[in-house]
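Reading through the structure tokens given below for one structure.
The values are calculated or read from the model by the stated rules, or taken from the named source; none is laboratory data. Model, not experiment: these values are computed from the prediction. Cβ coordinates were reconstructed from backbone atoms using ideal geometry, including for glycine residues, and neighbour counts include every protein chain displayed. The protein model used for the area step is the full one, side chains on, heavy atoms only, and it has no ligands, DNA or RNA in it. Shrake-Rupley method; radii C 1.70, N 1.55, O 1.52, S 1.80 Å.
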Amino acid sequence: MIKMKTFELNEKIRNLSPYEPVTGECSIRLDANESCFDLPEEIKMKIAAEIQNVQFNRYPDPNAKDLCNAFANYYNISPELVTAGNGSDELISIIINAFLMKGDKIVITQPDFSMYRFYSEISEVVCVNINKSSELSIKIDNLIEVVKSEDARAVIFSNPCNPTSRGLKAEDVVTLINSVDALVVLDEAYMDFWDESLLDTVEEFDNLIILRTASKAAGMAALRLGFAIANPKLTRVIRSVKSPYNVNTLSQVAGTVVFNEREYLEKCKRTILSSKKALYNDLVSLARKNKNKIIPIEGVSNFVLLKTSLAKVIYAFLQNNGISVKLMDDYLRISAGTQHENKVLINALKEFFK
Ligand SMILES: *Cc1c(COP(=O)(O)O)cnc(C)c1O
């Protein structure tokens, strides 16, 4: 008789905690920091027209040239510095695999975007954690010291930070980049909502890679488009390690159309920011009326963080009312929604505190 073998997961990922996106039937989705605006009909029609010309039997352009040009043009940088990815998620994985080896150290601050740890662990890279202060900020001197003393190969963090919504000034990030030999991976997923980007200066550094995404301010989460921006030398490495056809043609075409819609994108950004402000103000007045059982943190991105020991019960209450937010220990992360969505949320919270 043939003995049946049990197929098992390899050792390195046995303890991996999977990313668990919020699923289910919530009609108000404020859990993933997406833009609250779908593309308008008129832009969708332009995309549809472009898609008519796609040759579906052919592989995509491996360099996503038109897309990178449109992205670079929108941000006023050189397309030679840009690599497109299947979401910035893919680029995080590519960068870790391209620049670090098994056992190398990467410095991660906590809390931060969970994918940094996820891809590091899959690649058997050692995560060195730095806990943020109680005000959830990064102490740059401390970060530099840890990168040096641990002899880390890389440091990765989001600025503005998901989930804290706090931001580091560009000059502090420059101090970090200049003080370490390690590769600095600066995830600017939310920088469209703030003004401390290093995109303009990326070429001046030999150890900086900036990540950008089309999933947040640009409102294209469905397409899975991310970008790595770095000097030509680093860009050559990233391009040579990525899988050749990583960004499908339909996403390339749609992304190209949308990044050429400057006015539309700028308008969305402004509207989302004022929606965030309104949401924050409503939460502040709700907090005042309820003995500060919730503490709203405004931050510099498109979401508000709520600190509250009631996080779990509020989360469940909202879920039961068809509203999804992100729960993290004693915090709730709430993305800015449309006026209507914000109102439904605030009304539900009023109901909760009644
Ligand atoms: C949402 C988010 C991303 C975006 O990832 P994509 O794969 O491009 O959708 C990257 N970094 C951070 C910190 C994020 O919050």
- Note on the structure: Total charge of the residues flanking Phe353 in space, meaning their Cβ is under 14 Å from its Cβ, with Lys and Arg +1 and Asp and Glu -1, is +4
- the chain: calculated mean residue ellipticity at 222 nm from DSSP helix runs of at least 4, using -39500 (n - 2.57): -12000 deg cm²/dmol
- Express the carbon and sulfur contribution to the solvent-accessible surface of the chain as a percent, rounded to the nearest whole number, probe 1.4 angstrom. 49 percent
- Task: Compute the Cα gyration tensor for the chain, then decide on rounded, prolate or oblate, letting a ≥ b ≥ c be the square roots of its eigenvalues: rounded whenever a/c is under 1.5, prolate when a/b is larger than b/c in the other cases, and oblate in all that remain.
- Result: rounded
- Message: Give me the net charge for the shell around Ala48: Cβ to Cβ below 14 angstrom, other residues only, Lys and Arg +1, Asp and Glu -1.
- Response: -1
- Task: Any chance you could run the full-extension gain for Phe7 through Asn63? It's 0.36 nm times the residue separation minus the Cα-Cα distance, nm to one decimal.
- Result: 16.4 nm
- Restricted to pairs 8 or more residues apart or on different chains, the lysines in the stretch 240-338 with C-alpha atoms under 15 Å apart form a number of pairs equal to 7
- Item | About the Cα centre, charge dipole magnitude for the stretch 1-101 (Lys/Arg +1, Asp/Glu -1 at Cβ), debye | 540 debye
- Item | Global form of the stretch 1-128, assessed from the alpha-carbon gyration tensor, a/c cut-off 1.5 | prolate
- Do you know the relative contact order of the stretch 224-354, to the nearest whole percent, from alpha carbon pairs under 8 angstrom that are 6+ apart? 19 percent
- Inverse mean reciprocal Cα-Cα distance (Kirkwood Rh) of the stretch 54-179, Å: 16.4 Å
- Item | Modelled FRET efficiency - R0 22 Å, Asn15 with Ser243, Cβ distances, 0.05 increments | 0.25
- Message: Can you tell me which of Glu20, Glu341, Glu298 moves the most in a GNM of the chain? Springs connect C-alpha atoms under 10 Å apart.
- Response: Glu20
- Net charge over other residues, Cβ less than 9 angstrom from the Cβ of Met101 (K, R count +1; D, E count -1): 0
- Only Cα pairs under 8 Å and at least 6 apart count here; give the relative contact order of the chain as a rounded whole percent. 23 percent
- Task: Have a look at the stretch 212-354 and give its Rg and Dmax from the Cα atoms, expressed in angstrom.
- Result: 19.1, 59
- Task: Please provide three numbers in whole Å: the alpha-carbon extents of the stretch 215-289 along the principal axes, with the largest listed first.
- Result: 56, 25, 21
- Query: Taking Cα pairs under 8 Å and at least six residues apart, what relative contact order does the stretch 141-291 come out at, in percent?
  - Reply: 16 percent
- Hey, got the dipole for the chain? About the Cα centre, +1 on K and R Cβ, -1 on D and E Cβ, debye to the nearest 20? 1060 debye
- Specify the inter-centroid distance of the stretch 313-354 and the stretch 228-258, based on alpha-carbon positions, in whole Å. 37 Å
- Query: How many nm is it between the label spots at Phe56 and Leu310, if each spot is 7 Å from the Cα in line with the beta carbon?
  - Reply: 5.2 nm
- Note on the structure: Glu42 and Ile295 label points (each 7 Å along its Cα→Cβ direction) are spaced in nm at 4.6 nm
- Answer rounded, prolate or oblate for the stretch 149-244, using the Cα gyration tensor with square roots of eigenvalues a ≥ b ≥ c: rounded when a/c is under 1.5, else prolate when a/b is larger than b/c, else oblate. oblate
- Message: Could you report the stretch 235-287's accessible area per residue, 1.4 Å probe, as an integer in Å²?
- Response: 47 Å²
- Item | Overall dimensions of the stretch 96-150 as given by Cα atoms, namely Rg and Dmax in Å | 11.6, 34
- Message: Just to be sure I understand: of the beta bridges DSSP finds with both ends in the stretch 132-217, what percent are antiparallel, rounded to 5?
- Response: 0 percent
- Query: How many Å² of accessible area per residue for the stretch 101-212, probe 1.4 Å?
  - Reply: 41 Å²
- Taking a spot 7 Å from the Cα of Glu25 along the direction of its beta carbon, which residues of the stretch 305-345 have an amide N less than 20 Å from it? 316-325, 345
- Whole-Hz Karplus couplings 3J(HN,Hα) for the stretch 277-294, θ = phi - 60° and coefficients 6.51, -1.76, 1.60, Gly and Pro as x, run 4, 5, 4, 4, 4, 5, 5, 5, 6, 4, 4, 4, 6, 10, 6, 6, 6, 10
